[in-house]
Amino acid sequence: MNRKTIILFFLLLVGGASAAAQEAQKSDLQQRAEAVDPKTNIAQARSLYIHAFNDYANKGQTAPGMACAVKAAALYYKENFYKEAFDLLRRADQTVNDDSRLANSAKAALHYQATKERMQMYVKLRRSESAKEQLAIMEGQAAQSGDEQLRNDLLYNKAICYYTFGQTAQGNAVFREMTGKLTSVADYDKVDQVYQTLIDNGRKSNNVSFLAQSYQSYMAWKDSAAAVKAAAEVDSLQQQIAANEASIAEKDSSLSTRQAIIVGLCILAGALAAALVVGAVVLMRYILLTRRQKKTIRLANESNALKAKFISNISAQLEPTLRKLDNRQPEVKALLAFASHIQTLSDLENTAADAVETEDVQVPQFCESLVDQIRSKVKPGVNLTVNAQKMSARFNKEYVSHILLHLLNNAAEYTPAGGSISLDAKKRGPHTFQFLVTDTGSGIPDEKREDVFKPFLEVRDLTTGDGLGLPICRQMALKMNGDLEIDSQFTKGTRFVLDLRA
């Protein structure tokens, strides 16, 4: 998973005020690199940062050179060029070692930047032991630098690493140490800012488990600092729900009354989703704690028991209400589907490290059976084709069927009459193969192609879809040691590529 953290620049050079001013000033190459939007031209931005690094290294300006190398490495592994990223960071470390003007403390601070980037790559690769080795190196570098900001940044990155690999107890301990430092000097605004930064980082990286843990710790601290306000808020919301229940009980079962109730429930769901987007993850906690879910995640501890009780009350009061409603209503169906998608996404996140069961599958017959399931859904004149190499492959049939059927159903919906839809399967190497779903529909704009795999980006009308279908499909692909992407080179519609490794 890719995360942006605070970049620390240490401009500690020997040579007087003029040399320090030269270090702090950005070169023309660095300014040109920063002017390029990586979302539109990542290769150009990366190339300019590498040129800027080489230019700084040749001039003996080590600190800004390291900053440019770190940015270029991040743009490398964003496109999965991990070898190139590691090689570039090794060159940057060697440049620091070769600079005899730098004190040991300054070298440690610069090495810390490169080591932190390696740690983040290992986190994205889900290599927990390698990530922890880098954390240990970072700890020594932070100590040698003698800089308190680096020590705080180390705690922050430790928390991220522990939470990412499911080590909740260690993550909580490290994060409590970080916030404890600020709380001890009564800097409550800064503590709140630290929590908000952690929550925002989890949301941007689409890590549901990490987001939930961050919010849990935040609520525990918030409750201890503002218990009276929290109690008043809970009481007010409970009264509102009780009033809604009383109003529902007094009304008859006419269609107009049912529609009014459904609209009220949709507004409540939308409000909870909006709270999630801005950092208060109330909707997520509700979904994870509801009695209608078979598998729940306990996000509350003794210090936030009041919040846990509140969410439980919401669940208990909404469940009988939903049972009274006509499940043929679009809004009711949307709420039930949304709850199911949330549970599926949460289960995938919580079991990301668990192995999946696989079986040998005859690929051509498998592909034909999937296409047969959507024939009745395509528009008139749409040409449905299967191009599958004659082969058998070993994979989780349930997950792959879910992913491909979701993509095929989307293609059927958005491909106009007279268009075409194809499902291809091919072997890419001794242990790799891929499925491709191609349609000639309107396509997905370039600026939205990455966003379609990210959940909870916006508050939307649930009856038009909750936007969780593709994020769930990508999580299933990652759980099978594969990936799901959009082919950016295909411009006559949309092509999804599912890569799998045997």
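With θ taken as phi - 60° and the Karplus curve 6.51 cos²θ - 1.76 cosθ + 1.60 applied, the whole-hertz 3J(HN,Hα) list for the stretch 38-43 is x, 5, 9, 8, 5, 5 Hz, x standing for glycine and proline.
Kirkwood hydrodynamic radius, the stretch 391-448, all distinct C-alpha pairs: what's the number in Å?
On the way: mean 1/r = 0.0765 Å⁻¹.
Final number for the Kirkwood radius of the stretch 391-448 is 13.1 Å.
When the surface is traced with a 1.4 Å probe over the full set of protein chains, Asp98 keeps roughly 110 Å² accessible.
I need the shape label for the stretch 65-174. Rule: rounded when a/c is under 1.5, else prolate if a/b > b/c, else oblate, with a, b, c from the alpha carbon gyration tensor. Present the calculation step by step, with values, prior to reporting the outcome.
Working: a/c = 2.48, a/b = 1.20, b/c = 2.07.
In terms of gyration-tensor shape, oblate.
Among Tyr76, Tyr112, the order of accessible area from largest down is Tyr76, Tyr112, computed with a 1.4 Å probe on protein heavy atoms. Per-residue 3J(HN,Hα) values for the stretch 380-386, derived from phi via the Karplus relation 6.51 cos²θ - 1.76 cosθ + 1.60 with θ = phi - 60°, read x, x, 6, 8, 9, 9, 10 Hz in sequence order (x marks Gly and Pro). Only protein heavy atoms count here; on that basis, with a 1.4 Å probe, Phe338 has an accessible area of about 20 Å². Rounded to the nearest Hz, the phi-derived 3J(HN,Hα) couplings of the stretch 131-148 under the Karplus curve 6.51 cos²θ - 1.76 cosθ + 1.60 (θ = phi - 60°) are 5, 5, 4, 5, 4, 5, 5, 4, 5, x, 5, 5, 5, 5, 5, x, 9, 5, where x marks glycine and proline.
Among Lys26/Lys492; Lys390/Lys454; Lys26/Lys222; Lys222/Lys333; Lys377/Lys426; Lys71/Lys448, which pairs are too far apart, with a Cα-Cα distance over 30 Å? Working shown, then result.
Details: Lys26/Lys492 42 Å; Lys390/Lys454 34 Å; Lys26/Lys222 41 Å; Lys222/Lys333 35 Å; Lys377/Lys426 26 Å; Lys71/Lys448 23 Å.
Check vs 30 Å cut-off fails for Lys26/Lys492; Lys390/Lys454; Lys26/Lys222; Lys222/Lys333.
Evaluate the relative contact order of the stretch 349-481 (contact order divided by residue number), counting alpha-carbon pairs under 8 angstrom at least 6 apart; express in whole percent. Dividing the mean separation by the residue count of the stretch 349-481 yields 26 percent. Sort the stretch 27-129 into rounded, prolate or oblate with this rule: let a ≥ b ≥ c be the square roots of the eigenvalues of the Cα gyration tensor; rounded if a/c is under 1.5, and if a/c is not under 1.5, prolate when a/b is larger than b/c, oblate otherwise. The shape class here is oblate. Show me, bin by bin at 10 Å from 0, the whole-percent P(r) of the stretch 332-450 based on Cα pairs. Calculated over all Cα pairs of the stretch 332-450, the distribution is 11, 34, 36, 18, 1 percent.
The values are calculated or read from the model by the stated rules, or taken from the named source; none is laboratory data. Bear in mind that the values here come from a model prediction, so they are computed numbers and not experimental data. When the accessible area is computed, the model is the full protein with side chains, heavy atoms only, and any ligands, DNA or RNA have been set aside. Shrake-Rupley method; radii C 1.70, N 1.55, O 1.52, S 1.80 Å.
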